[in-house]
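The values are calculated or read from the model by the stated rules, or taken from the named source; none is laboratory data. Since this is a predicted model, take the numbers as computed values, not measurements. In this analysis, Cβ positions are derived from the backbone assuming ideal geometry, glycine residues included, and neighbour counts consider all displayed protein chains. To get the accessible areas, we keep the full protein, side chains included, count just its heavy atoms, and leave off ligands, DNA and RNA. Shrake-Rupley method; radii C 1.70, N 1.55, O 1.52, S 1.80 Å.
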Amino acid sequence: LEEEDGVMVPVEIKTGRVPRGPYFSHILQIAAYGLVLEEEYGTRPPYGLIKYGPKGDEKEFRVEFDEDLMALLKEKVELMRQGMESGDVHRNHRRKGKCYSCSRRTDCPESLA
């Protein structure tokens, strides 16, 4: 968390490659942090920050927590819950590099690596 303009906002720091814009999964991740803060404290922060790159040379993106984003997040969370309940969950990528870097690769029946 970081105080910005008198408000505590969630901050996610990514140390990898600096993209032109924030990745969709990172946007949902920071929105999830905003939802947790809203549930815990009763007030949603207006935005979150995603910082890419090495400390001191970061590229920062501000993600507004508007109603459309939060509705999308809740929809994705519900889909994850349904998948967990049904057990019918499959990988959704074809990139060997992504699969090879996954922490669940050794236990995944659909591993590409």
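Worth pointing out:
- Using every pair of distinct Cα positions in the range 52-113, the Kirkwood expression returns a hydrodynamic radius of 15.0 angstrom.
- From the coordinates shown, Cα extents along the principal axes in Å corresponds to which of (1) 48, 35, 20; (2) 38, 30, 29; (3) 50, 27, 23: (1)
- 10 Å Cβ shell holding at most 16 others, DSSP loop, GluC sites (Glu not before Pro): longest site-free stretch of the chain: 1-57
- The simple spin-label model puts a point 7 Å past each Cα toward its Cβ; for TYR41 and ARG105 those points are separated by 3.8 nm.
- Of all beta bridges that DSSP places with both ends in the chain, some 70 percent have antiparallel geometry.
- In the complete set of protein chains, residue-level accessible area for LYS59 is approximately 90 Å², probe 1.4 angstrom.
- Share of carbon and sulfur in the accessible heavy-atom surface of the range 1-99 [1.4 Å probe, %]: 50 percent
- Considering helices alone, the calculated mean residue ellipticity of the chain at 222 nm is -12500 deg cm²/dmol, with DSSP H runs of length four and up weighted by -39500 (n - 2.57) and normalised per residue.
- Proximal aspartates and glutamates to LYS74, defined as alpha-carbon separation beneath 15 angstrom and excluding residues fewer than eight positions away on the same chain: GLU38, GLU39, ASP66
- Charged side chains reduced to their Cβ positions (Lys and Arg at +1, Asp and Glu at -1) give the chain a dipole of some 1060 debye around its Cα centre.
- Restriction of the chymotrypsin sites (Phe, Trp or Tyr not before Pro) in the range 23-113 to DSSP coil positions whose beta-carbon has at most 15 other beta-carbons within 10 angstrom yields TYR23.
- For LYS76, a cut-off of 26 angstrom between C-alpha atoms picks up these lysines, skipping any fewer than 8 places away in its own chain: LYS14, LYS51, LYS96, LYS98.
- Accessible surface ranking for ARG20, ARG95, 1.4 angstrom probe, highest first: ARG20, ARG95.
- Pairwise label distance in nanometres, LEU79 with GLU2, each label 7 Å out on the Cα-Cβ vector: 2.9 nm
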